[in-house]
Every structure is written in structure tokens, then in C-alpha cells.
Amino acid sequence: MIKKIIFHLVIVSVVINFVPAKVNAQRPCSQPEYRQFDFWLGEWEAYGIKGRKAGDSKISLILDSCIILEEWTSTGNQNGVTYTGKSFNTYNAVTKQWQQTWVDNVGGSTEYLKGKYEDKKIVFLTDPFPFSKDTMAIRRLTFFDLGIDKVRQLGEISKDKGIKWATEYDLEYRRKKM
């Protein structure tokens, strides 16, 4: 009996020593800058500029509201494969910038390590990367808050250090009606 009591006291002592002395009642990612991208949360149908459906996207908060997770599925398929991908979006409190990491089921990945929110939009940029043997490029990804039921996602690329931009895709996200 005494051994059990001592054992429990040791366990309680260990637990108490590993719990922070001051527990923050507020979640770490509840600051206003972490909520700037919440306009994208929800379930969406995405359409190209010609009105053709491009895919479906589910956007949710994970990891105690610190990460905005995108789950994308394209409408059609190529060579029998339906294109899918996920993006992980977070506000980096150290750099004071938004970041996105995109990964997909065809081996692609893109890191947008610089992102800024202003004027109801978030603009992400990649670092320069080799596009071809003799060309460096950067990508820009912009999300426009168009109200409660619409978001525009514009993907662009520049092969001249950001002087001129070419559209890679332009999608209008329409909130799914439940």
C-alpha cells in the first residue's frame, strides 16, 4: 500500500514539474493575424474563368487553429489519375508573414515562404527557382476575399524577376450550399 502511495506521489510530482507554471488561457494561434485567412474556410466548388468547374476544395482549421488545411480534388482526370493536393497555410509569428506549402499526388510541391495580408487579400511569393536550364522563375499566388461566398485564387509566374507576370490559373471559389 505504501509503495502504491509513493508511486502515485512520484507520478504526480513528475507531471507537475512538466506542466508550465503559467498556462495561457488563450490558444496561441488566436491572435488576429492568425485569423486573416479565415475567409477561405469552408467547402468550395472552384471554377475557371470560362465558367467550367475545375474542382472541389475543403478548407479547414487543424492543430488548434494554427494551420489552415486545403484539400483539393480536380474535376477531371488525366491518364486515369484524378489530380489531388493539399496545402498547409500558417502565419509565421517570427517572420510576420504567411506561408503555404503545397503538395500533390503527382510528386509536385511548392513553397510560398513570403505572404502578406492587406486590402482583403493574401499574396504569397516563392523564392526564385530553376524553371529551365537557363531561366529562373518565381511564382505568385493571390487569394482575394470577395465576400462570404466567393474567393478568387490567382496563380502567376514570372521569368524576369517579377517585372511581367503570366497567369497559370485563375479560379473563382464558390461556397457549397449545404
Looking at segment 91-105, is at least one residue within 27 Å of residue 53 (Cβ to Cβ), surrounded by 11 or more Cβ atoms within 10 Å (Cβ to Cβ) and small (Gly, Ala, Ser)? no
Filter result (out of contact with any Asp or Glu (no Cβ under 9 Å at 6 or more places or on another chain) and closer than 20 Å to residue 83 by Cβ) within segment 52-67: 52
Scanning segment 83-97 residue by residue, those in contact with an Asp or Glu (Cβ under 9 Å, 6 or more places away or on another chain), under 20 Å from residue 144 (Cα atoms) and not basic (Lys, Arg) turn out to be 87, 88, 89, 91
All positions within segment 14-54 that are modelled with pLDDT of 50 or more and in a helix (DSSP H, G or I): 32, 33, 34, 35, 38, 39, 40
Of 124, 143, the only residue that is in contact with a helix residue (DSSP H, G or I) (Cβ under 7 Å, 6 or more places away or on another chain), in contact (Cβ under 8 Å) with a residue 12 or more places away in the chain and either within 22 Å of residue 38 (Cα to Cα) or of a type in the set (A, V, I, L, M) (or both) is 143
Any idea how many residues of segment 33-62 are over 19 Å from residue 78 (Cβ atoms), buried (at least 16 other Cβ atoms within 10 Å of the Cβ) and among the small types (Gly, Ala, Ser)? 1
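The values are calculated or read from the model by the stated rules, or taken from the named source; none is laboratory data. Computed from a predicted model, the values in this text were never measured in an experiment. Quick reminder, even Gly has a Cβ in these numbers, built from the backbone with ideal geometry, and neighbours come from all protein chains shown.
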